[in-house]
Amino acid sequence: MSDSKKIHQPIPTLPTGQAHPHPEPLSGESYSAVELMPAYRVVILDQRKLPQHERYELFARVEDVAEAIRSMMVRGAPAIGISAAYGMVAAAVAARGDAPSFLEAMQKADAVLRAARPTAVNLAWALDRLKPAIAEASSLDYAMRAERVAQEARALHRAEVAACRAIGALGAPFVPDGATILTHCNAGALATGGYGTALGVVRAAHAAGKKIRVLACETRPYLQGARLTAWELAKDRIPVEVIGDSMAAHFMAKKQIDLVVVGADRIAKNGDAANKIGTYGHACVAAAHEVPFYVAAPWSTVDLGCEAGASIPIEERSERELSHFALPDGGDVALVPDGVGVRNPSFDVTPAALITAIITERGVVQPVSGGELAKLATQ
Ligand code: MRU
């Protein structure tokens, strides 16, 4: 089929409401980015298919969970961490033999997952957090090992949802009644264990009865804003409109944006924050127009081992994500002439000086500095 024929294909408008296969999703929603099924299989909502299809895939192998993370089937820093934790449960089910063999298999699984995506520190954080439980599991009977790892992974998932709710409660007072909020990418229930970080603030403000509306930047090239943020806010009947990434400055200049709230993939010790590519540009424009710029993120996103934003690894994704437009039938169409190169860094770093406040479940960091962030480190 020629490219011109592909681009004119109608986008299928299938119903999105497939029933969630988990009897009691820890997300607390009717949908979930990731859950652990009763028989230790990992269920992941294929976010690449939204908003056309709400389709869940089941995984029993750690390599497949790692591939789901790599391929953006599941994405968003906290959701990546939770998926990795559940991937380790799958690895524990498959691991055989005595304690040293079990630990060796778990170490291999850890390495496979750790390498899946580089920028979101939540991935390494979740794997590090599981280590004591894995060590304990190695001394248990075979039948109990996976359950011990699963207990820890579920506890981590529950704690991440609770963190999102706390972030929402602490962030909602920063949202004036009647506000228009700009957000970038998707830092919602789909990007976390449930409820969301930036969208947790939005949800909590809406639940408090404030008449708010959201401008969701479409977020080229993966369109997390257009496809995912719009999907989950519309589901909750929170007013949302999608804008092109390059339109944010126009709306700020017209005083039609009251605040910006975004998530983060890694926050360095000095308060610099990495988030989806384009976030830094919004922060510069917000500063120029004196619009408050908030970063909402759980403590699992804070990397005190990383001195400053310049040390945060920035993922470069495939050129094709940018040079081609993906179509719902699985094909794609070229947007860039053949032979012309493209650059596709997936994240950028917003310096602490441009961030009005960082909202975490441990408290609000304001003004944003290494000293203020360090005050929450011991909690
Ligand atoms: O490439 P993605 O979709 O994983 O990037 C996600 C983001 O940049 C989010 O804003 C960030 O992970 C925060 S999620 C609460």
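Among the listed residues A116, A120, which satisfies the condition of being among the aliphatic types (A, V, I, L, M) and surrounded by fewer than 24 Cβ atoms within 10 Å (Cβ to Cβ)? Before the answer, list the steps.
Working: A120 fails: surrounded by fewer than 24 Cβ atoms within 10 Å (Cβ to Cβ).
Exactly one residue qualifies, and that residue is A116.
I'm told S71 meets every condition in (1) more than 13 Å from the ligand (Cβ to nearest atom); (2) at pLDDT 95 or above; (3) loosely packed, with under 15 Cβ neighbours inside 10 Å except one. Can you identify the failing condition by its number?
Every condition holds for S71 apart from (1).
Among the residues of region 341-379, how many are touching a Gly at 6+ places or on another chain (Cβ under 9 Å) and modelled with pLDDT under 95?
1
Kindly evaluate D177 against the criterion of being out of contact with any Gly (no Cβ under 7 Å at 6 or more places or on another chain), among the acidic types (D, E) and at pLDDT 95 or above. Show your work before the answer.
Working: out of contact with any Gly (no Cβ under 7 Å at 6 or more places or on another chain): yes; among the acidic types (D, E): yes; at pLDDT 95 or above: yes.
Answer is yes for this residue.
Among the residues of region 52-87, how many are in a loop (DSSP other than H, G, I, E, B) and closer than 14 Å to R41 by Cβ? Can you show your working first?
First pass over region 52-87, keeping only residues in a loop (DSSP other than H, G, I, E, B): 52-55, 60-61, 71-76.
Retained after the next criterion (residues that are closer than 14 Å to R41 by Cβ): 60-61.
Within region 52-87, residues that are in a loop (DSSP other than H, G, I, E, B) and closer than 14 Å to R41 by Cβ number 2.
With P313, P351 as the choices, which residue is closer than 16 Å to N275 by Cβ and surrounded by fewer than 17 Cβ atoms within 10 Å (Cβ to Cβ)? Even if it seems obvious, please write down each step before you answer.
Details: P351 fails: surrounded by fewer than 17 Cβ atoms within 10 Å (Cβ to Cβ).
Just one listed residue meets the conditions, P313.
Where in region 252-349 are there strands (runs of 3 or more DSSP E), lying wholly inside it, with at least 1 residues that are among the charged types (D, E, K, R), within 16 Å of the ligand (Cβ to nearest atom) and closer than 18 Å to P118 by Cα? Step through it out loud before you land on a result.
Details: elements: 259-262, 266-268, 273-276, 293-296, 324-326, 332-334.
Once the strands (runs of 3 or more DSSP E) in region 252-349 are filtered for at least 1 residues that are among the charged types (D, E, K, R), within 16 Å of the ligand (Cβ to nearest atom) and closer than 18 Å to P118 by Cα, what remains is 266-268, 273-276.
Within region 125-136, is even one residue of a type outside the set (A, V, I, L, M, F, W, C), without any contact (Cβ under 8 Å) to a residue 24 or more places away in the chain and buried (at least 19 other Cβ atoms within 10 Å of the Cβ)?
First pass over region 125-136, keeping only residues of a type outside the set (A, V, I, L, M, F, W, C): 128-129, 131-132, 136.
Retained after the next criterion (residues that are without any contact (Cβ under 8 Å) to a residue 24 or more places away in the chain): 128, 131-132, 136.
Okay, now just the ones that are also buried (at least 19 other Cβ atoms within 10 Å of the Cβ), so none.
No, that holds for no residue.
All but one of (1) of a type in the set (S, T, Y); (2) within 16 Å of the ligand (Cβ to nearest atom); (3) under 30 Å from R129 (Cα atoms) hold for T378, so report the exception by its number.
The number of the failed condition is (2).
Let me confirm something: among T360, T279, T356, which residue is touching a His at 6+ places or on another chain (Cβ under 8 Å) and of a type in the set (S, T, Y)?
Working: T360 fails: touching a His at 6+ places or on another chain (Cβ under 8 Å); T356 fails: touching a His at 6+ places or on another chain (Cβ under 8 Å).
T279 is the lone residue from the list that is touching a His at 6+ places or on another chain (Cβ under 8 Å) and of a type in the set (S, T, Y).
Looking only at region 99-112, decide whether some residue is more than 11 Å from A84 (Cα to Cα), within 25 Å of the chain's Cα centre (by Cα) and not in a helix (DSSP H, G or I).
no
Hey, can you tell me all the residues within region 160-219 that are part of a strand (DSSP E or B) and within 15 Å of the ligand (Cβ to nearest atom)? Break it down into steps so the answer makes sense when it comes.
Initially, region 160-219 is screened for residues part of a strand (DSSP E or B), giving 180-183, 213-217.
Across region 160-219, the qualifying residues are I181, L182, T183, V214, A216, C217.
The values are calculated or read from the model by the stated rules, or taken from the named source; none is laboratory data. On a predicted model such as this, the values are computed, not experimentally measured, just so you know. In this analysis, Cβ positions are derived from the backbone assuming ideal geometry, glycine residues included, and neighbour counts consider all displayed protein chains.
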